[in-house]
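Heads up: the structure comes next, in structure tokens.
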């Protein structure tokens with residue numbers, strides 16, 4: 001272990017709690033390899049987030065703080081895994097002439113992950129309305145019927161989703 005007088009709050013937290021977090025994640029996932037990856041991803045998320053790393057010195061309950069971030073990392077992992085499995089399953093359903101290269105698959109999957117991340121935080125119906133419009137090309141009346149809501153609700157959902165995506169794109173370009 002490093003001397004705490006010379007280390008950063010991040011290094012201190014990593015040294016003191018990495019093993020515990022890995023064990024906690026292993027109990028949750030049932031897989032030591034996945035737990036090790038998720039523990040590293042948790043600390044990486046803290047390290048790469050200016051807001052998180054600036055708050056480390058003030059954290060009073062480090063294990064609670066780590067489990068909150070680790071749960072978010074785990075949820076992201078599960079969502080990405082489910083999205084990838086759904087994509088691969090859909091791809092297998094395609095006739096042979098539609099089959100695409102591994103490179104194209106990777107690009108499409110990465111795009112799907114980005115869209116999924118952009119829609120995160122929006123309500124389920126807002127996300128569904130946006131995807132039905134953009135991916136299936138449905139009209140607002142068709143979306144309203146499918147979701148069991150009014151056309152005016154679909155218009156509000158679309159405005160909210162579009163605004164959310166535009167704001168995220170603007171943040172990324174800064």
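Every number in this text was worked out from the coordinates using simple rules, so none of it is lab data. Since the structure is predicted, the reported quantities are computational estimates derived from the model, not experimental observations. Note that we place each Cβ from the backbone using ideal geometry, even for glycine, and neighbour counts take in every protein chain shown.
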Two-site label geometry, residue 90 and residue 162: point separation in nm, points 7 Å out along Cα→Cβ
2.2
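In square nanometres, what is one fourth of the surface area of the convex hull spanned by the alpha carbons of region 121-174? Intermediate values should be presented prior to the final figure.
Details: hull surface 14.4 nm².
The Cα convex hull of region 121-174, projected and averaged over all directions, gives 3.6 nm².
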Any chance you could check the Cα centroid distance between region 31-83 and region 101-173 for me, in angstrom?
26
Angle, helix 32-48 long axis vs. longest principal axis of the chain, Cα atoms, 0 to 90°, nearest 10?
90
If you line up the long axis of helix 151-173 against the longest principal axis of the chain, both from Cα atoms, how many degrees apart are they, to the nearest 10?
40
If one takes the longest principal axis of the Cα atoms in the chain, at what angle in degrees, from 0 to 90 and to the nearest 10, does the Cα axis of helix 124-136 lie?
50
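Please state the shape class of region 81-144: rounded when a/c is under 1.5, otherwise prolate if a/b exceeds b/c and oblate if not, all from the C-alpha gyration tensor. If you can, show how the numbers build up before the last one.
Working: a/c = 2.55, a/b = 1.54, b/c = 1.65.
It is oblate, given that a/c is not under 1.5 and a/b is not larger than b/c.
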So what does the Cα-only Debye profile of region 8-99 read at q = 0.11, 0.15, 0.20, 0.24 Å⁻¹, as log10 I(q)/I(0), no solvent term?
-0.40, -0.62, -0.91, -1.18
In nanometres, what is the gap between the two model label sites at residue 47 and residue 111, each 7 Å from Cα along Cα-to-Cβ?
3.2
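I need the Kirkwood Rh of the chain: take the reciprocal of the average 1/r across all distinct C-alpha pairs and report it in angstrom.
In the chain this quantity evaluates to 19.3 Å.
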